[in-house]
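Peer 1: Mind looking over this structure? Questions follow.
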Amino acid sequence: MKSVVILFTAVMWLPCLRPVAAQQSPPSVQKQIEEIERQEAAMMSAAAEKGAAGYLSFYAEDAVELSDGVAIIQGKTRLAEAMEFLNDKKNRLTWTPLHIDVAQSDDLAYSYGTFEFRSVGKDGKPVLEHGKYTTIWKKQTDGSWKVVLDMGNGSPN
């Protein structure tokens, strides 16, 4: 009888023990993940085409940037100053999201991945920097997604 109780208890708990990776996102969350993927790609294109203004068009007014080795930058006005380097067509920032997730509430999301920054050094030679990043997205009252916090730091490729 004791073994029947143990077996019954184990069978009852088994569904609770499945790996998190095996759980699927609800359709509404999956739809929002796909939207963040589109936003990431559109932001990269906007940065390449329109420089800092294009890049920052995806940021909330009170967004925060936590860059490697510098003080916290808050607000689009200050961010525009810090991102002026994107206006130089010799500079190219690209990134690859490795993971995107959206809260069940459908109003917060995050992505993380790797980036490359290509530029030309003062000596005229090409410079290639690698790094990793994470971005926090928040759904705005108009239903659009905006970056509210972004951070990145250099790392080996």
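The values are calculated or read from the model by the stated rules, or taken from the named source; none is laboratory data. Values in this document were obtained by computation on a predicted structure and should not be read as measured data. FYI the Cβ positions are ideal-geometry reconstructions off the backbone, even for glycines, and counts take in every protein chain you see.
Peer 1: Run residue 111 past the list (1) in a strand (DSSP E or B); (2) among the small types (Gly, Ala, Ser); (3) free of Cβ contacts under 8 Å to residues at least 60 places away in the same chain and report the number of the one that doesn't hold.
Peer 2: (3)
Peer 1: If the requirement is being under 22 Å from residue 142 (Cβ atoms) and either charged (D, E, K, R) or at pLDDT 95 or above (or both), which of these qualifies: 93, 56, 98? First the steps, then the outcome.
Peer 2: On the way: 93 fails: under 22 Å from residue 142 (Cβ atoms); 98 fails: under 22 Å from residue 142 (Cβ atoms).
So the residue among 93, 56, 98 that is under 22 Å from residue 142 (Cβ atoms) and either charged (D, E, K, R) or at pLDDT 95 or above (or both) is 56.
Peer 1: Can you pull out every residue in the stretch 80-96 that is surrounded by fewer than 17 Cβ atoms within 10 Å (Cβ to Cβ) and either part of a strand (DSSP E or B) or touching a residue at least 40 places away in the same chain (Cβ under 8 Å) (or both)?
Peer 2: 92, 94, 96
Peer 1: Please indicate, with yes or no, whether at least one residue in the stretch 62-76 is farther than 19 Å from residue 115 by Cβ, touching an Asp or Glu at 6+ places or on another chain (Cβ under 9 Å) and either in contact (Cβ under 8 Å) with a residue 40 or more places away in the chain or assigned to a helix (DSSP H, G or I) (or both).
Peer 2: Quick first cut of the stretch 62-76, residues farther than 19 Å from residue 115 by Cβ only: 62, 71-72, 74-76.
Still in the running and touching an Asp or Glu at 6+ places or on another chain (Cβ under 9 Å): 72, 74-76.
Those still in the list that are either in contact (Cβ under 8 Å) with a residue 40 or more places away in the chain or assigned to a helix (DSSP H, G or I) (or both) too: 76.
Yes, some residue in the stretch 62-76 is farther than 19 Å from residue 115 by Cβ, touching an Asp or Glu at 6+ places or on another chain (Cβ under 9 Å) and either in contact (Cβ under 8 Å) with a residue 40 or more places away in the chain or assigned to a helix (DSSP H, G or I) (or both).
Peer 1: Can you tell me which of 136, 100 is in contact with a helix residue (DSSP H, G or I) (Cβ under 7 Å, 6 or more places away or on another chain) and within 20 Å of residue 41 (Cβ to Cβ)? Reasoning before the result, please.
Peer 2: Working: 136 fails: in contact with a helix residue (DSSP H, G or I) (Cβ under 7 Å, 6 or more places away or on another chain).
100 is the lone residue from the list that is in contact with a helix residue (DSSP H, G or I) (Cβ under 7 Å, 6 or more places away or on another chain) and within 20 Å of residue 41 (Cβ to Cβ).
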